1. I need every pair where a residue in region 77-93 that is on the phi < 0 side of the Ramachandran plot has its Cβ under 7 Å from the Cβ of a residue that is assigned to a loop (DSSP other than H, G, I, E, B) and among the polar types (S, T, N, Q), sequence separation at least 6 or different chains.
2. Hey, could you check region 75-105 for residues that are in a loop (DSSP other than H, G, I, E, B), more than 28 Å from Ser45 (Cβ to Cβ) and not polar (S, T, N, Q) and say which is modelled with the lowest pLDDT?
3. Applying the selection to region 74-116, what residues are farther than 16 Å from Leu5 by Cβ, hydrophobic (A, V, I, L, M, F, W, C) and crowded, with 17+ Cβ neighbours inside 10 Å?
4. Pull up region 61-73, narrow it to residues that are closer than 26 Å to Lys106 by Cβ and of a type in the set (A, V, I, L, M, F, W, C), then point me to the one that is surrounded by the most Cβ atoms within 10 Å (Cβ to Cβ).
5. Hey, does region 7-18 have a residue that's buried (at least 20 other Cβ atoms within 10 Å of the Cβ) and not in a helix (DSSP H, G or I)?
6. Check whether at least one residue in region 31-49 is small (Gly, Ala, Ser) and assigned to a strand (DSSP E or B), and report yes or no.
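The values are calculated or read from the model by the stated rules, or taken from the named source; none is laboratory data. Every value quoted in this text rests on a predicted model; they were computed, and no experiment measured them. Here the Cβ positions follow ideal geometry from the backbone for every residue, glycine too, while neighbour counts run over all protein chains shown.
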Amino acid sequence: MKAILVEDELLIAKVLANNLVSLGYEVAGIATNGLDAIDLVRNESPDLVFMDIFLDGELDGIETYKRIKEISPTKVIYITANNDPFYKQKARDVGYTAFLTKPIEKVTLQKVLSLA
């Protein structure tokens, strides 16, 4: 399974990427903003996107995924350090496969991936 990561904190993205690779996933790329994420989805056709809800740039993670859904049936797992009910509801309205709160432990990641 091929995944891309959309995370503006590169250290978090690299740790997540390493965990995914150790679990047998291919990480096709890391984007730090919504526009780059959309381009990455177009170029890589991933099966799964790990999307930070709060991104630098003009698009947040939820709006980015709305746009991705228009071009690809890719599934999304939202990741965030903020467990705000408003954003969870906003994400629900767009749809998602899972919602993870940072920091993401490898065992939690493995459980979510088995369901995805």
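1. Ile77/Thr97
2. Going through region 75-105, the residues in a loop (DSSP other than H, G, I, E, B) turn out to be 81-84, 95-97, 102-105.
Of the ones still in play, those that are also more than 28 Å from Ser45 (Cβ to Cβ) are 81-84, 103, 105.
Filter once more, so that each one left must be not polar (S, T, N, Q): 81, 84, 103, 105.
Values: Ala81: 88, Asp84: 81, Pro103: 89, Glu105: 90.
Among those residues, the one meeting the criterion is Asp84.
3. Ala91
4. Taking region 61-73 and keeping what is closer than 26 Å to Lys106 by Cβ, we get 61-62, 64-65, 68.
With of a type in the set (A, V, I, L, M, F, W, C) added as a condition, the list becomes 62, 68.
On the way: Ile62: 21, Ile68: 24.
Selected residue: Ile68.
5. Looking for residues that are buried (at least 20 other Cβ atoms within 10 Å of the Cβ) and not in a helix (DSSP H, G or I), one finds at least one in region 7-18, hence yes.
6. yes
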